[in-house]
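Working notes, beginning with the structure itself.
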Amino acid sequence: MATILITDDEVNIVSGLKYAFEDEGYTVLSANNGLEAWHLVNTNAVDLVITDLRMPEMDGYELIRKISASYPMLPIIVLTGHGTIETAVETMRDGAVDFFTKPVDLDKLLLVVKKSIKNSQLQEQNRKLSEEIDKLRSQQKYSKIIGKSGKLSQMMQIINQVAPTKASVLITGESGTGKELVADAIVSLSDRKDKPFIKVHCASLSESLLESELFGHEKGAFTGASSQKKGRFELADGGTIFLDEIGEIDMSTQVKILRVLQEREFERVGGEKTIRVDVRLIAATNRDLASEVKKGNFREDLFYRLNVVHIEVPPLRERKEDIELLTINFLDEFNKEDGRKIEGISPQARRALLNYDWPGNIRELKNCIESSVVLAKGNIIQLEDLPPQVTQKEGEAKSSITINLPTTMEEAEKKIILSTIEYCAGNKSRASELLDIGRKTLHRKLNEYMGKTDGT
């Protein structure tokens, strides 16, 4: 459980709060003045500070400024008998997260403490994940592909090996897995990184237009060809061409691509001049080209020419240990883009992200986080902020109970408590939060139930 530091020169206040928080399961440290509190903050792992303002040695104002400067993630709650609006504004500006006047409403204070500690822990978790992302980026030669899973590490090893060569590469994988990023990585790590890198999304072009786009055309080659135009292969001379969704290309265009790979030459549409090029080809598809060859939809000779090196990009459901890192990366990205200050994701929302299978892969995850950042009602993304398709599986978990009447209040309470613990997968801290009772109270209730069970 978390550690709370209570700072006040009134002994009765300190002892009363200490008893209340210890009863909730917290570890409590106490100080009679700001100087003593400052020493405890520097020598202990403190999760939250509750401080008075008027104290000897060092007052609360100075303590707040010192803590905020040295430990900006440590939440501070002000508790004072001399509260004004101006005082509250000043302390919040200096770093306090909330302000209470004496005598304090203990229930409200407990709720604020729980929320503040939870937010602080989420921020710390996000900070560690961000540091892990920075570390991974510094270790990898290409920083845009994020992850630490075994399958991703194997893929990056292949990229590093093939990048310096001239070999053609076939990248396969489901839609949204990041095949274009893999192509970018290969080019970035090659000796052609400063040469032209031309990308063609084949599925977006009609058969007649694709041939002209790839190989160019001469003036008058067809209706509307009012001038000569260089094709993508010609523009990529000396560099790399990336043909995305190559499985969509028609047979006649496949023949011309095969010739470029074999002979390094072609003619523009409507032209007779043979043009020679030095182009490395990287292709990508979400189709099974071997099956397409058997069906007669894709040339076998072209398939083997493309498939010199094969890189399979794993779907997100097979690299779920990367989801948290990707989520934090997208969270930072969209906070900057949309001017938001989302500090983290709740445990329940995080669990939903990990439980979902992501048929749309990284593209779907990115869209999900952008939507959640824009629509989040607070500074923490909650389960209800996620898209319905992501939370559906979470909602399928047991989230309701049936109490048969007649029953006693004691039996109803027991069923609610045990069902909530089951809903939280045995996490008693989470169950106590949902039930809005202290952990000590929860454990006492469980001990009572066990005692009664043993006695029957």
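Every number in this text was worked out from the coordinates using simple rules, so none of it is lab data. What you are looking at is a predicted structure, and each value in this text was computed from that prediction instead of being measured. Cβ coordinates were reconstructed from backbone atoms using ideal geometry, including for glycine residues, and neighbour counts include every protein chain displayed.
Charges were assigned to the Cβ only: +1 to each Lys and Arg, -1 to each Asp and Glu. The resulting dipole of the stretch 238-330 about its Cα centre is roughly 280 debye.
A straight chain from L446 to Q348 at 0.36 nm per residue would run longer than the Cα-Cα distance by 32.9 nm.
Using a Cα-Cα cut-off of under 17 Å, which lysines could be cross-linked to K114, ignoring same-chain neighbours fewer than 8 residues away? Reachable lysines: K18, K428, K440. Spacing of the modelled spin labels on E131 and E312, each 7 Å from Cα toward Cβ, amounts to 3.7 nm.
A compact globular protein would have a Cα radius of gyration near 2.2 N^0.38 Å; the ratio found for the chain is 1.39.
Normalised by 2.2 N^0.38 Å, with N the number of residues, the alpha-carbon radius of gyration of the stretch 140-202 equals 1.10.
The modelled label-to-label distance for the pair Q262/V293, using points 7 Å beyond Cα in the direction of Cβ, is 1.5 nm. Charge dipole of the chain (Cα centre as origin; +1 on each Lys and Arg Cβ, -1 on each Asp and Glu Cβ, all else neutral): 1360 debye, rounded to the nearest 20. Straightening the chain between K377 and T27 buys 122.8 nm, computed as 0.36 nm per residue apart minus the Cα-Cα spacing.
Against the main long axis of the alpha-carbon atoms of the chain, helix 361-375 sits at an angle near 50°. For the chain, the longest principal axis of the alpha carbon atoms and the long axis of helix 85-94 meet at an angle near 50°.
Couplings 3J(HN,Hα) of the stretch 283-298, computed from phi: 10, 9, 7, 9, 8, 8, 5, 4, 5, 5, 4, 4, 7, x, 8, 9 Hz, in residue order, whole Hz [Karplus 6.51 cos²θ - 1.76 cosθ + 1.60, θ = phi - 60°; x for Gly and Pro]. Placing +1 on each Lys and Arg Cβ and -1 on each Asp and Glu Cβ, with no other charges, gives the stretch 317-396 a dipole about its Cα centre of roughly 40 debye.
Can you flag which of K66/K144; K320/K445; K128/K366; K166/K256 are past 31 Å Cα-Cα?
Table pairs above 31 Å Cα-Cα are K66/K144; K320/K445.
FRET efficiency for the S204 to R54 pair, using the beta carbon distance and R₀ = 60 Å, is estimated at 0.30. Whole-Hz Karplus values for the stretch 231-244 come out as x, 5, 5, 5, 5, 8, 3, x, x, 9, 10, 10, 9, 7 Hz, taken residue by residue from phi with 6.51 cos²θ - 1.76 cosθ + 1.60 and θ = phi - 60°; glycine and proline positions read x.
Students often check this: by mean Cβ neighbours within 10 Å, which of 28-39, 405-416 ranks highest, and how do the rest follow? Could the numbers behind the result be given before it?
Working: 28-39: 19.6, 405-416: 10.9.
Going by the mean number of other Cβ atoms within 10 Å, highest first, we get 28-39, 405-416.
Comparing H201, I145, T177 along the charge dipole axis of the stretch 143-211, the residue lying farthest to the positive side is I145, per the Cβ-charge model.
Projecting the Cα atoms of F266, L214, F330 onto the charge dipole of the chain (Cβ charges, centred on the Cα centre) puts F266 farthest toward the positive pole. Our helix-only sum for the chain, with -39,500 (n - 2.57) per DSSP H run of n ≥ 4 divided by its residues, gives a mean residue ellipticity at 222 nm of -15500 deg cm²/dmol.
Full-extension gain between S175 and T101, please, as 0.36 nm times their residue separation minus the C-alpha to C-alpha distance. Before the final figure, lay out the partial values.
Details: separation 74, 0.36 × 74 = 26.64 nm, distance 5.66 nm.
Extra length available between S175 and T101 comes to 21.0 nm.
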